[in-house]
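One structure is given here, and the rest of the page talks about it.
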Amino acid sequence: MAREPQQDRSRATRQRLLEAAIECLAELGWAGSTVAVVAERAGVSRGAAQHHFPTREDLFAASVQYVSQVRTQWIRRHSADLPSGAERTRAVVDLVVRMYTGQVFRAALQLWVAASSDEQLRELVVPLEAHVGREAHKLAVELLGVDETTPGVRETVQATLDLARGLGLANLLTDDSKRRAGIVQRWAEMLEQALNTAVR
């Protein structure tokens, strides 16, 4: 029983390190996110960080997995508040776009860029991103209440996810929220029409 608090502290330290790694990636990019910087942000010593993650690669490999979990959990958590009826499609599109314009996506994007020239990191990122993509697609289908075996529906849902990712990229350097709101509204109208046409 005496070991329980120590295990809890160890889990809490690990969690702080992973959260700090995401913050550092989002704010400082891959090059600026060293183990020392992440440890300082997490409020732990470098030694404690290296106890949990002996190398930088270990830390960011775990961060890749954590990022994928957080992104999936985030959209599931926020999907509980979606309206029903005519407003639902707009709300689903808005939710998906928010997933791709937040800090977690920004951190994931830094990992993508780093992985494009780092084969070891790419081997970690590609399968996890594929998993997140499948989960996001499955969830979008579920939230929209559509049958993706209907011709055209799968591609239309995927186009929504691709649009959201593009809007996330557009938001990377400047606040694109005003223009994005108009695009989200228009896409939701087009999506509703396309999905209604597909099921006829």
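The values are calculated or read from the model by the stated rules, or taken from the named source; none is laboratory data. These numbers come from a predicted model, not from an experiment. Methodologically, a virtual Cβ is constructed for each residue, glycine included, from the backbone with ideal geometry; neighbour enumeration extends over all protein chains shown.
Looking at A91, A107, A62, A114, which is the one that is in a helix (DSSP H, G or I) and touching a His at 6+ places or on another chain (Cβ under 9 Å)?
Only one candidate passes the filter, namely A62.
Please work out if P127 is touching a residue at least 24 places away in the same chain (Cβ under 8 Å) and surrounded by fewer than 16 Cβ atoms within 10 Å (Cβ to Cβ).
No, not satisfied.
Tell me, which residue of region 148-175 that is touching a residue at least 40 places away in the same chain (Cβ under 8 Å) and farther than 18 Å from R90 by Cα is surrounded by the most Cβ atoms within 10 Å (Cβ to Cβ)?
The residue in question is N171.
Quick check on region 34-58: of everything there that is among the β-branched types (V, I, T) and within 25 Å of E123 (Cβ to Cβ), which residue is surrounded by the fewest Cβ atoms within 10 Å (Cβ to Cβ)?
Of everything passing the filter in region 34-58, T55 is surrounded by the fewest Cβ atoms within 10 Å (Cβ to Cβ).
Given (1) at pLDDT 90 or above; (2) under 22 Å from the mean Cα position of the chain (by Cα); (3) surrounded by fewer than 16 Cβ atoms within 10 Å (Cβ to Cβ), where does A31 come up short, assuming only one miss?
The one condition A31 does not meet is (1).
Sort out which residues of region 31-55 are assigned to a loop (DSSP other than H, G, I, E, B) and without any contact (Cβ under 8 Å) to a residue 40 or more places away in the chain, and write them in order of number.
T34, G43, V44, S45, F53, P54, T55
Give me the residue from region 59-110 that is of a type in the set (D, E) and modelled with pLDDT of 85 or more and, out of that set, surrounded by the fewest Cβ atoms within 10 Å (Cβ to Cβ).
E87
Does T197 fit the bill of being of a type in the set (S, T, Y), more than 21 Å from L18 (Cβ to Cβ) and modelled with pLDDT of 90 or more?
When the stated conditions are applied, T197 does not pass them.
Inside region 146-200, can you point out the residues that are in a loop (DSSP other than H, G, I, E, B) and under 21 Å from the mean Cα position of the chain (by Cα)?
N171, L172, L173, T174, D175, D176, listed by residue number.
List, please: which pairs have Cβ atoms under 8 Å, are six or more places apart or on different chains, and start with a residue in region 176-187 that is within 15 Å of V96 (Cβ to Cβ) and end with one that is in a helix (DSSP H, G or I) and polar (S, T, N, Q)?
Close Cβ pairs satisfying both conditions: W187/T160.
Quick one: in region 14-28, which of the residues that are surrounded by 19 or more Cβ atoms within 10 Å (Cβ to Cβ) and more than 17 Å from the chain's Cα centre (by Cα) is farthest from E57 (Cα to Cα)?
The extreme case among them is R16.
Consider A140 against the criteria (1) within 19 Å of Q65 (Cβ to Cβ); (2) among the small types (G, A, S); (3) surrounded by 18 or more Cβ atoms within 10 Å (Cβ to Cβ): it satisfies all of them except one. Which criterion is unmet?
A140 satisfies every listed condition except (1).
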